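Here the structure is laid out as structure tokens; the discussion comes afterwards.
The values are calculated or read from the model by the stated rules, or taken from the named source; none is laboratory data. On a predicted model such as this, the values are computed, not experimentally measured, just so you know. FYI the Cβ positions are ideal-geometry reconstructions off the backbone, even for glycines, and counts take in every protein chain you see. Heads up: the accessible areas ignore ligands, DNA and RNA and are worked out on the full protein's heavy atoms, side chains in. Shrake-Rupley method; radii C 1.70, N 1.55, O 1.52, S 1.80 Å.
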Amino acid sequence: MSVTPEVRPVNALERRRFLYVLSEALEKFSRLRQILRRQQVFIRAEHAEGRSATAVDKLIHYLEEHCQMFLGNSGRVARLLRDEPLNEAEERAVTHGLRILIVHTLQIHELLLLLPREAAKPQASFLLQDCFGRKDLQASIVLTNLFSAYEYRFEDILEKVNVEQEERMALTQGGNVLCQAFGDKDNPLAWAVLAHEYGHVLDDHDAISKKILQKEATPGQVDDVTRKVEPDFGAAVIAETVADFIAAHVLGPASLMPILFVEMMQPKLRGVRRISAGHPPTPVRVQLVCEYLKQLGVTISDFEPVFEAYKLDYQRKLKDMDKDQRDGLEAMEKEAERLLSPLAKEIARKVSSLGLRRFEERDLRSARTLQQTLASKQPISSRRSRSQEDISAGLSSLKGGEVTPEQVYAVLAGLDEVPVPGSEILSAGWLYRLSSFEDVLMKTFPGETGQNVDLDAYGKYVEKTDGLLLKSLELADVHAEVLRRLSPA
Amino acid sequence: MLLSDIDIAKRLVDPDPHKRLVVTPIISAKEQFGPSSLDVRLSTDFQRLENMNRSHIDLNERPAADEKVYREGKRIILAANESFFLHPDEFVLASTLEFFRLPGDLAGRIEGRSSWGRQGLLVHATAGFVDPGFAGVLTFELSNAGRLPIKLTPGLRIGQVCFFQMLTRSLVPYYAKHGAKYFEATTVETSKAAYDPEITKGSHQDQNNP
């Protein structure tokens, strides 16, 4: 007697979580494939004799091969996208296929550093300068592999690869170095994490977390935490929270987005030993940052769907852990919360007193408007101070022969645009991504059978969005520079 | 019909999206508006064409277009406060800072500015026409016909664009045109002639560069 597998209706939150993971995986895959294809062309152009299979060809082949394994489930993915129920075995197959794609994409990413001719974009430096306005604290950006990405302490990475201390000192002289994942070098949305890393630069310079640790945290409080988890955990989680608050202060809720998407994409939660490189468990970070944003008067409702999906994702992965690992992580979560909750107010006070440009609710409102412009495939670097109607009325009032040039210029000045802050561009970019990726997934997996899958459609969407955001940041940078030149000394 | 300053301004705020002209950002209308044109600025993006490893350019050559770019050019992206030095007889591709979106009944034309021409800077060699329905930044050719290097900085008012209203709307504007190669570009676009059907379907192969 055959048993019909139970068909389960698609839970809306589960579905959303799956789509986020799928979109992040396809994005990473598309970027990686694009970088490798460019490299393939470069090798062919520069080395006519190297037209036979090169290492890059093999990497592309390897990537495509594992992508094909995932695409074996495209019919099920297409059904899931269209809210159709899957049975448990089908769900498992989809998740397994996606994991294979993710794991192999991440593996290949580690080899990207061997490729020549790639550098961090000048727009990334502009974004940091625009957000922080601290010219006294220079920071350069280097491209690293994914596992070392988004670190502030370049010295730590050099130590990991056994570079002698003297050489390390020579290499890191001349400023702070922030590390960015190679695959995200064209991805302004991911640069939100650089604000967190720059937060560490400020923290070290102004000794914020050290002062908090010395003055605010009672010795018993920290010692307890340290004893239960590992040496320096107390100091490290305070430093990470300071950096989180600084990033949220200048960028708003978007500062958390890349962290949550990358974590949702990881097949498993990292155990206590690996996570305790200093970061509090992410749910604690999210909770503290959301409370801080609330204090700043910034709403998080636009990003709430991601927070909800992340919470579910975390709970699921926690449940899948070994009991020992799970207990350890839960204990760590509690300890971090116990230490940080009483200190959050003081951390917020110190961060707010740094004099950085604060991300406000009006920036979020502006980002919502800019999101619509981005959806119409236009850059979003600036806005007019006056409405179209006002300017039209002014233009209609000008009659040839009856007006002076000064009167005409006064009306035309209404067309002048003012640059928007980089934080609004980044927030608009995230809002656009959250509102548009599902439609693109539908186009990528057309029909219910999963035939005619068009992964290039997702690749083009990623490339176009990157291009518009990069152009927007470039425009804002040049716009501000021209205004500086035009302004009286 | 060539649009005047007031016509251009009205098109920029036209309530009808099918008639609205987009040019963004306008940093200073007072500086940028001419009697029948709008000055455009230089972006941060340059593509220098290399000749050291090429004997000649064969317009009928048929390698993948992207390969040609790597083989023949070098891309340079400046920060906003950096400069680019264009040496005598040097030729580079550059693009406007501004992003354009032309409605289906307006065509455009990019020209240099006489102030720079008098110093030997030539802006756009042959491809100054902008189709109705085009969207993106405008790529143009820069060359130094003078005897001294010219310092170029992003944001410099490098040229001007004038607009023509057509008698009727185009039936197939650029955005709908089959094989539109440069639509919605946000950076300098190098030649995509290799995508032309005459070349992609041809069988000619350069003997010097197999």
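For this structure, a couple of remarks:
- Filter result (without any contact (Cβ under 8 Å) to a residue 24 or more places away in the chain and away from chain B (no Cβ under 14 Å)) within the stretch A:446-464: A:ASN452, A:ASP454, A:ASP456, A:ALA457
- Test result for A:ASP327, on the phi < 0 side of the Ramachandran plot, open to solvent by 80 Å² or more (accessible area, probe 1.4 Å), in the same structural domain as A:PRO283 (by TED's automatic domain parsing) and modelled with pLDDT under 95: no
- Answer from B:GLU82, B:GLU98, B:GLU90, B:GLU111 - the residue that is within 26 Å of B:SER4 (Cβ to Cβ), among the acidic types (Asp, Glu) and open to solvent by 20 Å² or more (accessible area, probe 1.4 Å): B:GLU111
- Where A:GLU65 falls short, out of the listed (1) more than 14 Å from chain B (Cβ to nearest Cβ); (2) closer than 23 Å to A:MET442 by Cβ; (3) modelled with pLDDT of 85 or more: (2)
- The single condition among (1) open to solvent by 10 Å² or more (accessible area, probe 1.4 Å); (2) in contact (Cβ under 8 Å) with a residue 40 or more places away in the chain; (3) touching a His at 6+ places or on another chain (Cβ under 9 Å) that B:ASN144 does not satisfy is (1).
- Filtering the stretch A:277-310 to residues that are modelled with pLDDT under 95, surrounded by fewer than 22 Cβ atoms within 10 Å (Cβ to Cβ) and in a loop (DSSP other than H, G, I, E, B) leaves A:ALA277, A:GLY278, A:HIS279.
- Residue that is most open to solvent (accessible area, probe 1.4 Å) [pool: residues in the stretch A:361-389 that are out of contact with any strand residue (DSSP E or B) (no Cβ under 9 Å at 6 or more places or on another chain) and within 13 Å of A:GLY414 (Cα to Cα)]: A:GLU389
- Some residue of the stretch A:381-388 being within 12 Å of another protein chain (Cβ to nearest Cβ), over 29 Å from A:GLN129 (Cβ atoms) and either charged (D, E, K, R) or without any contact (Cβ under 8 Å) to a residue 40 or more places away in the chain (or both): yes
- For the stretch B:121-148, a residue qualifies if it is under 25 Å from A:LEU469 (Cα atoms) and among the small types (Gly, Ala, Ser), and the qualifying residues are B:GLY133, B:ALA135, B:GLY136.
- Subset of the stretch B:16-37 that is outside any loop (DSSP other than H, G, I, E, B) and touching a residue at least 24 places away in the same chain (Cβ under 8 Å) - its residue that is most open to solvent (accessible area, probe 1.4 Å): B:GLU31
- Candidates A:PRO419, A:PRO405, filtered to the one that is modelled with pLDDT under 95, facing chain B (nearest Cβ under 10 Å) and either closer than 19 Å to B:LYS30 by Cβ or out of contact with any helix residue (DSSP H, G or I) (no Cβ under 6 Å at 6 or more places or on another chain) (or both): A:PRO405
- The stretch A:433-457 - residue that is open to solvent by 20 Å² or more (accessible area, probe 1.4 Å) and either of a type in the set (Phe, Trp, Tyr) or not in a helix (DSSP H, G or I) (or both) and, of those, nearest to A:PHE126 (Cα to Cα): A:ASP454
- The residues of the stretch A:465-480 that are at the interface with chain B (Cβ under 7 Å from one of its Cβ atoms) and more than 17 Å from the chain's Cα centre (by Cα), listed by number, are A:LYS471, A:GLU474, A:LEU475, A:ASP477, A:VAL478, A:HIS479.
Results for (1) within 30 Å of A:ASP363 (Cα to Cα); (2) touching a Lys or Arg at 6+ places or on another chain (Cβ under 8 Å), shown as yes or no for each residue.
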{"site": "A:VAL284", "(1), (2)": "yes, no"}
{"site": "A:CYS290", "(1), (2)": "yes, no"}
{"site": "A:SER301", "(1), (2)": "yes, no"}
{"site": "A:GLU304", "(1), (2)": "yes, no"}
{"site": "A:GLU308", "(1), (2)": "yes, yes"}
{"site": "A:LYS317", "(1), (2)": "no, yes"}
{"site": "A:ASP320", "(1), (2)": "no, yes"}
{"site": "A:ASP324", "(1), (2)": "no, no"}
{"site": "A:GLU333", "(1), (2)": "no, no"}
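- Test: residue in the stretch A:332-350 that is closer than 29 Å to A:ARG433 by Cβ, at pLDDT below 95 and among the basic types (Lys, Arg): no
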